[in-house]
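Everything on this sheet refers to the single structure shown next.
Every number here is computed from the coordinates shown, using simple stated rules; none is lab data. This is a predicted model, so every value here is computed, not measured. For neighbour counting, all protein chains shown are included, and Cβ atoms are generated from backbone atoms with ideal geometry for every residue, glycine included.
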Amino acid sequence: MTTIDHRNRPPVPEPRSWPGRLVASAARLATLFCLLAAAAFLAHYGLCRWDFFQITSTSIENCRLTSKEELLYRSGIDIHTNLLALDPKLVQDRLLENPWLEAVVIRKDWPNRLVITVTERKPEALVNSGNSLFYIDASGTAFAPANSGVVGLDYPVISGQVRAGADGASSASFEAALELLAAAGQGNSILPKQNISEIHLTGNGEMILILQDRPFPIFMGSCDDIRSKYYRLVKVLKNLYKSQEFSQVAYIVMDYMNKNVLVGKAESS
C-alpha cells in the first residue's frame, strides 16, 4: 500500500476572477494591435520607397492659359516622387497658388501615373483699381494683374467706383456692370461684349458706357434694372445703324425725363 504525503503537494492556483481575465485579454489584444500597426507602418514605409510606385508619367489636362511646364514645376513632382507617398492635397495647394487656376483635381492612376485636371479662370473684363488693372472673372473676383502676360488686354474695362467700403465688398453698381457684361456676352450682334470699351461707375451710383467702334458716352443712368436698359439700348443702336445715323451720334442718354431716350448728335461743320 502506497502512502501519499500531501505535505509535499504543490499548491493549486486559485481561479482568476473575471476582471483579471478581462485585463489580461485586453493586454494581449493591445500587444497584437501594436505589432500589426508596426508591421503595417514598416510595410507602408517600404512601399513608399519602392521603385514600382515611382511616378513615370504626369499628365496635366485642360491647360489653355497656363503653362504645363510651370504647373509641373510648381507641383514639386519629379522622377523621384513615389505615387503611394504622394499627398494630393499638398500638390493641390501648391498649384492653386497660381492665380489663374480656380480648381485642381488630382487622380492617382496606379501603379505609376498621375493625372492632374485643372480648371482655369476665364477673364471677363479688366477692373481699374487705383493705378492698376486686374483681370476679373464672371463673379467679379479680381484674380491676376493685367501685366501677367497670360492673355492680352482686349477686354472691357470697369472703372470708377468699383468697390464700396474698406472691406472690399462689391458695390451695387459693380454688380450691375457684371450683369451688363453677362447680357452682352450672350452674342447679340448689335452690342456684343467685344464692342464695349469701358464701363465707368460714377460716385452717385450711375453708369456710363463707352463703345469700341465710336467712343461717345452712353449715360445709362442708375444701375437698377440694367439688363432691361441694355436691351433698350440694343434697339436704339439698331435703329441708328439702320438709319445710317450712328456716325453722327455725340451721346446717348438712356433715362432722359422719365425713361425716355435722348440721342444727341454732333453739329455738322
Handout entry: Interchain or long-range residues, amide H under 5 Å from Ser129's placed H
Key = Phe134
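Which of the peptides 83-94, 195-206 is most tightly packed, and how do the rest follow, judged by the mean count of other Cβ atoms within 10 Å per residue? Numbers along the way, then the final one.
Details: 83-94: 14.7, 195-206: 17.1.
Put in order of decreasing packing, that is 195-206, 83-94.
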Exercise for the section: Place the peptides 227-236, 243-252 in order of packing, highest mean first, counting for every residue the other Cβ atoms within 10 Å and averaging per peptide. Expected result: 227-236, 243-252
